[in-house]
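Undergrad: Below is one structure. I have some questions about it.
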Amino acid sequence: MNTPLQRVQGLGASHSGTGHFWRQRVTAVALVPLSLWFLYVAIGLAGTTEVSALVFFAHPWNAILMAAFVIIALYHAALGLQVVIDDYIHTAGSKIFFFLMVRFAVIATGSTCIFALLRIAAQ
Amino acid sequence: MADNPQVPGAQQRPLSPHLTIYRWPVTMMTSITHRATGIALSVGMVILAWWLVSISNGPEGFESFHAVVDTPLGLLVLFAITWSLAFHFCNGIRHLAWDLGYGFSKEASRQGSILVIALSVILAVAIFACVWTGHGGYLR
């Protein structure tokens with residue numbers, strides 16, 4: 001019972017086609033090298049003082065990689081949490097409420113990380 | 001449980017996936033654990049934000065972060081997140097392999113599940129052992 005326009009757009013019942021699926025995969029692939037780098041950093045800075053961390057993140061490449069890791073990981077998290085909400089919350093109102101909560105939380109966490117990195121860069 | 005649409009008033013029978021009836025296969029374990037570790041890692045991102053802010057706050061800020069994280073409970077949470085990352089990483093690669101069409105057979109998915117569980121535990125323990133034996137902190 002699709003209208004010609006719906007058929008042309010090919011977006012189906014989700015209203016977004018395979019966009020969510022595809023973004024989840026693209027961010028996952030990007031996170032493979034980025035998480036390995038993050039692990040290298042986390043172990044490398046374990047047991048050091050804040051001076052070591054300041055010097056490390058003051059380097060542009062390290063700050064850029066950390067920002068990329070944070071943004072992509074949070075994007076991936078928002079997509080994943082959306083699926084969890086989709087699966088377990090069945091009323092439209094609560095669903096929208098939790099979607100908004102996830103998005104606000106992700107943006108708050110991300111901007112906090114970027115702010116901290118900028119503050120370190122400015123020191 | 002659902003009404004049988006064909007026979008009104010027929011005996012109600014359980015519907016798949018029979019969570020409370022069958023013994024859990026290991027593939028079911030890894031599937032739900034992937035989701036649980038994903039949620040744990042989302043919380044971990046908040047701790048990462050706190051760590052970055054504490055670094056930017058200078059010595060006092062950094063110490064206040066470590067005052068919480070260096071407690072037994074803090075280290076337990078840190079270990080749980082480390083293992084979550086190891087598991088979600090390994091099982092995520094399994095998911096990407098499935099997307100390419102590999103590893104769908106019953107035996108392959110069972111062996112893959114066991115491999116991912118073993119590998120994630122080994123990785124998490126290795127990361128903590130690495131730091132505790134003084135092999136961390138090389139970015140000093």
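The values are calculated or read from the model by the stated rules, or taken from the named source; none is laboratory data. Model, not experiment: these values are computed from the prediction. Cβ atoms come from the backbone with ideal geometry, glycine included; neighbour counts cover every protein chain shown. Heavy atoms of the whole protein, side chains included, go into the accessibility calculation; ligands, DNA and RNA do not. Shrake-Rupley method; radii C 1.70, N 1.55, O 1.52, S 1.80 Å.
Undergrad: Normalised by the empirical 2.2 N^0.38 Å for globular proteins, what value does the Cα Rg of chain A take?
TA: After normalising by residue count via 2.2 N^0.38 Å, the value is 1.39.
Undergrad: At 4 °C and 1.567 mPa s, what whole-number value in µm²/s does Stokes-Einstein give for the translational diffusion of the protein assembly as shown, with Rh from the Kirkwood sum over Cα pairs?
TA: D = 62 µm²/s.
Undergrad: Compute the distance from the alpha-carbon center of the stretch B:35-56 to that of the stretch B:75-95, in whole Å.
TA: 13
Undergrad: Also: Quick check on chain B: helices-only [θ] at 222 nm, where DSSP H runs of length 4 and up contribute -39,500 (n - 2.57) each and the sum goes over total residues. Nearest 500, please.
TA: It lands at -24500 deg cm²/dmol.
Undergrad: While we're on this one: Taking 22 Å as R0, compute the FRET efficiency from the Cβ-Cβ separation of A:Phe99 and B:His95 and round it to 0.05.
TA: So, using R0 = 22 Å, E works out to roughly 0.45.
Undergrad: Same structure again: Before I look further, what does the stretch A:46-119 give for accessible area per residue, probe 1.4 Å, in whole square angstrom?
TA: 54
Undergrad: Could I ask something else about it? With springs only between Cα atoms under 10 Å apart, run a GNM on chain B and tell me which of B:Ser84, B:Ser105, B:Ser113 wobbles the most.
TA: In this elastic network of chain B, the residue with the biggest mean-square fluctuation among B:Ser84, B:Ser105, B:Ser113 is B:Ser105.
Undergrad: Another question, if that's okay. Once each part is reduced to its C-alpha centroid, what is the distance from the stretch A:8-73 to the stretch B:103-140 in angstrom?
TA: 20
Undergrad: Can you list the DSSP H helices in chain B whose Cα atoms extend at least 15 Å along the helix axis and whose mean Kyte-Doolittle hydropathy is 1.0 or higher?
TA: B:26-56, B:72-99, B:106-132
Undergrad: Moving to a separate point now. Run the dipole for chain B about the Cα centre, Lys and Arg Cβ at +1, Asp and Glu Cβ at -1, nothing else charged, and hand back the magnitude in debye, nearest 20.
TA: Rounded to the nearest 20 debye, it is 500 debye.
Undergrad: Here is a further query. Return the value, in Å² to the nearest 100, of accessible area buried between chains B and A (probe 1.4 Å, both sides summed).
TA: Buried area (both sides, nearest 100 Å²): 3200 Å².
Undergrad: Right, another one. Taking all protein chains as present, what is the carbon and sulfur share of the accessible area of chain A, in % to the nearest whole number, probe 1.4 Å?
TA: Result for chain A: 73 percent of the exposed heavy-atom area is carbon or sulfur.
Undergrad: Of the heavy-atom accessible surface of chain B (probe 1.4 angstrom), what whole percent is carbon and sulfur?
TA: It is 69 percent, rounded to a whole number.
Undergrad: In addition: Residues of chain B: accessible area per residue at 1.4 Å, in Å²?
TA: I get 63 Å² per residue for chain B.
Undergrad: Out of the stretch A:78-123, which chymotrypsin sites (Phe, Trp or Tyr not before Pro) are coil in DSSP terms and have no more than 10 other C-beta atoms within 10 Å?
TA: Those that pass, being in a loop and sparsely packed, number zero.
Undergrad: Put +1 on the Cβ of every Lys and Arg and -1 on every Asp and Glu Cβ in the protein assembly as shown; which of B:Leu100, B:Leu75, B:Met28 then has its Cα farthest towards the positive end of the dipole?
TA: Going by the Cα projections, it comes out as B:Leu100.
Undergrad: Mind checking which of A:Ala108, A:Ala77, A:Ala63 has the largest fluctuation in a GNM of chain A, springs on alpha carbons under 10 Å?
TA: Comparing A:Ala108, A:Ala77, A:Ala63 in a Gaussian network model of chain A, the most mobile one is A:Ala108.
Undergrad: Take the Cα pairs of chain B, get the Kirkwood Rh, then feed it into Stokes-Einstein at 10 °C and 1.306 mPa s and tell me D in µm²/s.
TA: Taking Rh from Cα pairs, D becomes 86 µm²/s.
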